[in-house]
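Beneath this line is the structure, given in structure tokens, with notes to follow.
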Amino acid sequence: WLAGHFKPVALFTFAGEAEFDILRQFSTVQDLSLQIEDSLVSKTIPKLKHVRRLNIAFNHRNVRFPKNFLEQNNHVSFLSFSCYSDSNMVNLDSFQQLKGLYVSTNDNKYPLKMGEAFTQLESLVFDIENFPAAQLAGLKKLKELGLPASLPQIVFDSIIKSQPYLEYLQVLSVNSSQVTDFAVLKTANHLKYLIIAGDSLASINLGQLHQ
């Protein structure tokens, strides 16, 4: 009934896998945010051909889901995926049209080589404790980047130097930071926005950035 009388462009909803097929009735939705309530998911998300921004989050910490959970929607331009499962990680190999990717997970064995898989990527935020820094090799178009502050300083510096078009930088989880010196940002000639997340900034050196 609701889908027949309501034609939203954006939709935020809670659902279990029993409701997945209902999502297809909202044919006008381009921006979908889905909070999944089940702890065991056996179905995949059905193809939602009009969706361009897809935000997926699981409410259960140890959820189980199929590797191809999102595969039917590899046409999306932006994907946000939040999951703290120790068992598996969604397969994103076929998401070659992505321009924006946000991943929040405790999976420290993220399999993709970003530069090979996502040649169009402009926005990348990885909220992962052990960030797969080497997998950024080949990414040269990033305008937005989110990195955990748990990176070694030398790795952080190397990543920044490898991104000539960077405009927006987030540094996440300062309280577990190894990144304390931001002098390398002087080389980021296009940088416009800097967000440093966390409660403790006392150990961070921003002094050279005003020069």
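Candidates in the range 9-41 are the residues that are modelled with pLDDT of 90 or more and in a loop (DSSP other than H, G, I, E, B); of these, the one that is nearest to Ser104 (Cα to Cα) is Gln30. When we screen Leu147, Leu136, Leu151 for residues that are open to solvent by less than 20 Å² (accessible area, probe 1.4 Å), closer than 22 Å to Asn74 by Cα and either at pLDDT below 90 or not small (Gly, Ala, Ser) (or both), the only hit is Leu136.
Within the range 162-170, one or more residues are among the aromatic types (Phe, Trp, Tyr), surrounded by fewer than 20 Cβ atoms within 10 Å (Cβ to Cβ) and over 18 Å from Ser104 (Cβ atoms).
What do you reckon, is Leu40 farther than 22 Å from Phe95 by Cβ, open to solvent by 20 Å² or more (accessible area, probe 1.4 Å) and in contact with a strand residue (DSSP E or B) (Cβ under 6 Å, 6 or more places away or on another chain)? Yes; evaluated as a whole, the condition is true for this residue.
The values are calculated or read from the model by the stated rules, or taken from the named source; none is laboratory data. What you see is a predicted model, and the numbers here were worked out from it, not measured in a lab. Don't worry about glycine lacking a Cβ; one is built from the backbone with ideal geometry, like all the others, and counts go over all protein chains shown. What goes into the accessible areas is simple: the full protein's heavy atoms, side chains included, and nothing from ligands, DNA or RNA. Shrake-Rupley method; radii C 1.70, N 1.55, O 1.52, S 1.80 Å.
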